[in-house]
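Engineer: My questions all concern the structure below.
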Amino acid sequence: MSALQVEAPEWMTEDLRIFEDGVAKFMEREVAPNQERYIKHQGVDRALWKKAGEYGLLCASMPEEYGGAGGTFAHEAVIIDQLGKKAGDGWGITLHNAIVAPYILHYGSEEQKKRWLPRLASGELVGAIAMTEPGTGSDLQNIKTNAKRDGNHYVLNGSKTFITNGGTANLIIVVSKTDPAKGAKGTSLIVVETDEVEGFRRGRVLEKLGQKANDTAELFFDDVRVPTSNLIGIDEGMGFVQLMQQLPQERLIIAAQGLAVIERALEVTSAYVKERKAFGKHLIEFQNTQFKLAECKTEATVARIFVNHCIEQHLQRKLDAATASMAKYWITDLQGKIVDECLQLHGGYGYMDEYPIARMYKDARVARIFGGANEIMKILIARTL
Ligand SMILES: Cc1cc2nc3c(=O)[nH]c(=O)nc-3n(C[C@H](O)[C@H](O)[C@H](O)COP(=O)(O)OP(=O)(O)OC[C@H]3O[C@@H](n4cnc5c(N)ncnc54)[C@H](O)[C@@H]3O)c2cc1C
């Protein structure tokens, strides 16, 4: 899993190694060669989702009875790692697999699991989760999108922005207020199957600094009617609790994505400084290059050990919110720092888009902002002091 001198974690079993080889091949064959096109089109091909479904990569950690591959979070960790190492950031498979599907598995009714999970596993449905609105991101309690009950339907009104997979997704978990007077306790998660409703509209696919292979978009809901059976869970008002319970996994995912990029940055930079010459020497022969890369490798090693520990804890259902927040904030900060150092060692070539390090630099910036900005992570950690 890692080029660092870190012992393989216990959860990395022989079966997972075989799975990892398969995932690596899929990323090398199906994703990496098409990256330029995805970037140009601001999104992956719709067919990639179907291929990933056929290959068993969608809903890897969902039970087989619901069409998944019957794996655990360790399978998702392998996919995250290989995506980051072989194909870069951007494709929203992790959000689909390890953020959207778990809400349905953990809180959905039997009928909902049977209705949605097999279609998420095949790629017929692409998932998204819509929390953020133009007026509020970090302050999630303050969202305005509302879902008013009308007989056995909800009528949704509001708008969302910065939604990963937003240009494609046809199953969207919409964070809505079912009782605006109750604040967090009036928040519910409601599924909108976009192919089935009227009044749903996608806005622009947003022009971003990086992660351009993702169709991050604005979404609009104008009197969108969905059956009350699309509420995730039995009772209204449980949305905030459900979101809070899933956040440690979501934060661990961002940390693992950051770490994959750190390791890739080190790999491409080590190769570059052994090739490139200045003043008659390879760059690796300068003490500054050695010291910089020695520092980066040390920090990456510490990060790998910490992420492996967090994955282990999570597999045992012991990962708490504060530790997951530490992983998210510290590793994404480190990602920014190491990718920047590595770019510097590439000189002018590091600033050219055709060099992977330039892409990594642009893709990395958002990791400190999304999934809970790093400042919010520190607030959560500070509460445990
Ligand atoms: C590429 C991309 C993909 C995204 N994907 C999704 C998605 O799929 N679904 C989704 O719902 N959202 C998504 N988001 C939104 C993302 O989660 C939000 O941007 C993020 O939560 C921050 O919210 P905000 O942009 O409104 O910033 P704000 O909340 O306005 O924050 C601005 C700044 O103020 C700081 N700040 C805010 N509150 C405090 C505080 N109490 N104390 C100290 N500092 C504070 C923040 O840390 C930040 O630095 C995505 C965003 C991007 C850029």
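Engineer: Across the stretch 84-108, what is the total count of residues that are more than 16 Å from the ligand (Cβ to nearest atom), modelled with pLDDT under 95 and either of a type in the set (A, V, I, L, M, F, W, C) or crowded, with 24+ Cβ neighbours inside 10 Å (or both)?
Structural biologist: Total satisfying the criteria: 1.
Engineer: Let me ask another. Does any residue in the stretch 159-173 that is free of Cβ contacts under 8 Å to residues at least 24 places away in the same chain and over 18 Å from L189 (Cα atoms) come within less than 7 Å, Cβ to Cβ, of a residue that is within 12 Å of the ligand (Cβ to nearest atom) and open to solvent by 10 Å² or more (accessible area, probe 1.4 Å) six or more places away or on a different chain, and which pairs are these?
Structural biologist: Filtered contacts from the stretch 159-173: no entries.
Engineer: Under the condition of being in a strand (DSSP E or B) and among the small types (G, A, S), which residue from the stretch 164-207 is surrounded by the fewest Cβ atoms within 10 Å (Cβ to Cβ)?
Structural biologist: G203
Engineer: For the condition assigned to a helix (DSSP H, G or I) and either surrounded by fewer than 17 Cβ atoms within 10 Å (Cβ to Cβ) or more than 15 Å from the chain's Cα centre (by Cα) (or both), what is the one hit in A256, A260, A265?
Structural biologist: From the options A256, A260, A265, the qualifying one is A265.
Engineer: So, one more: Among the numbered criteria (1) surrounded by 22 or more Cβ atoms within 10 Å (Cβ to Cβ); (2) away from the ligand (no atom under 13 Å from the Cβ); (3) not aromatic (F, W, Y), which single criterion is violated by K148?
Structural biologist: (1)
Engineer: When T332 is evaluated against the numbered criteria (1) in contact (Cβ under 8 Å) with a residue 60 or more places away in the chain; (2) open to solvent by 30 Å² or more (accessible area, probe 1.4 Å); (3) of a type in the set (S, T, Y), which criterion, by number, is the only one it fails?
Structural biologist: Only one criterion is unmet by T332, namely (2).
Engineer: Here's something else I'd like to know. Does V307 qualify as being open to solvent by less than 80 Å² (accessible area, probe 1.4 Å) and over 16 Å from V261 (Cβ atoms)?
Structural biologist: no
Engineer: If we scan the stretch 325-334, do we find a residue that is in contact with a Phe, Trp or Tyr (Cβ under 9 Å, 6 or more places away or on another chain) and more than 19 Å from D81 (Cβ to Cβ)?
Structural biologist: Taking every residue of the stretch 325-334 in turn, at least one turns out to be in contact with a Phe, Trp or Tyr (Cβ under 9 Å, 6 or more places away or on another chain) and more than 19 Å from D81 (Cβ to Cβ).
Engineer: Name the residues in the stretch 109-135 that are open to solvent by 10 Å² or more (accessible area, probe 1.4 Å), away from the ligand (no atom under 16 Å from the Cβ) and farther than 25 Å from E28 by Cβ, would you?
Structural biologist: S109, E110, E111, K113, K114, R115, P118, R119, E124
Engineer: What is the number of the single condition among (1) over 28 Å from H314 (Cβ atoms); (2) assigned to a helix (DSSP H, G or I); (3) open to solvent by less than 70 Å² (accessible area, probe 1.4 Å) that A24 does not meet?
Structural biologist: Condition not satisfied by A24: (1).
Engineer: Restricting to the stretch 27-46, what's the tally of residues that are open to solvent by less than 30 Å² (accessible area, probe 1.4 Å) and either over 20 Å from the mean Cα position of the chain (by Cα) or of a type in the set (A, V, I, L, M, F, W, C) (or both)?
Structural biologist: Count: 3.
Engineer: Kindly provide the set of residues from the stretch 349-363 that are touching a Leu at 6+ places or on another chain (Cβ under 8 Å) and open to solvent by 70 Å² or more (accessible area, probe 1.4 Å), ordered by number.
Structural biologist: Y351, Y361 - these are the residues of the stretch 349-363 that are touching a Leu at 6+ places or on another chain (Cβ under 8 Å) and open to solvent by 70 Å² or more (accessible area, probe 1.4 Å).
Engineer: If a residue has to be part of a loop (DSSP other than H, G, I, E, B), away from the ligand (no atom under 12 Å from the Cβ) and buried (at least 19 other Cβ atoms within 10 Å of the Cβ) to count, how many in the stretch 208-237 make the cut?
Structural biologist: 2
Engineer: Considering the stretch 116-163 alone, what residues qualify as being over 16 Å from V226 (Cα atoms), in a loop (DSSP other than H, G, I, E, B) and either of a type outside the set (S, T, N, Q) or in contact with a strand residue (DSSP E or B) (Cβ under 7 Å, 6 or more places away or on another chain) (or both)?
Structural biologist: Residues satisfying the conditions are G123, E124, L125, V126, M131, T132, P134, G135, G137, D139, I143, K144.
Engineer: Tell me the helices (runs of 4 or more DSSP H) entirely within the stretch 277-385 that contain at least 1 residues that are under 30 Å from E36 (Cβ atoms) and within 15 Å of the ligand (Cβ to nearest atom).
Structural biologist: 321-345, 356-364
Engineer: Of the conditions (1) under 21 Å from the mean Cα position of the chain (by Cα); (2) of a type outside the set (A, V, I, L, M, F, W, C); (3) open to solvent by 50 Å² or more (accessible area, probe 1.4 Å), K277 fails just one. Which one is it?
Structural biologist: (1)
Engineer: With (1) away from the ligand (no atom under 13 Å from the Cβ); (2) among the aliphatic types (A, V, I, L, M); (3) open to solvent by 20 Å² or more (accessible area, probe 1.4 Å) as the list, and L140 as the residue in question, which single condition is left unmet?
Structural biologist: L140 satisfies every listed condition except (1).
Engineer: Let me ask something additional. Do any residues in the stretch 25-42 that are under 16 Å from E354 (Cβ atoms) have Cβ atoms under 7 Å from those of residues that are assigned to a helix (DSSP H, G or I) and of a type outside the set (D, E, K, R), where the two are at least six apart or on different chains, and which pairs are they?
Structural biologist: A32/A87; Q35/A87
The values are calculated or read from the model by the stated rules, or taken from the named source; none is laboratory data. Since the structure is predicted, the reported quantities are computational estimates derived from the model, not experimental observations. Please note: Cβ atoms are built from the backbone with ideal geometry, for glycine as well, and neighbour counts cover all protein chains shown. SASA here: full protein model, heavy atoms, side chains in, ligands and nucleic acids out. Shrake-Rupley method; radii C 1.70, N 1.55, O 1.52, S 1.80 Å.
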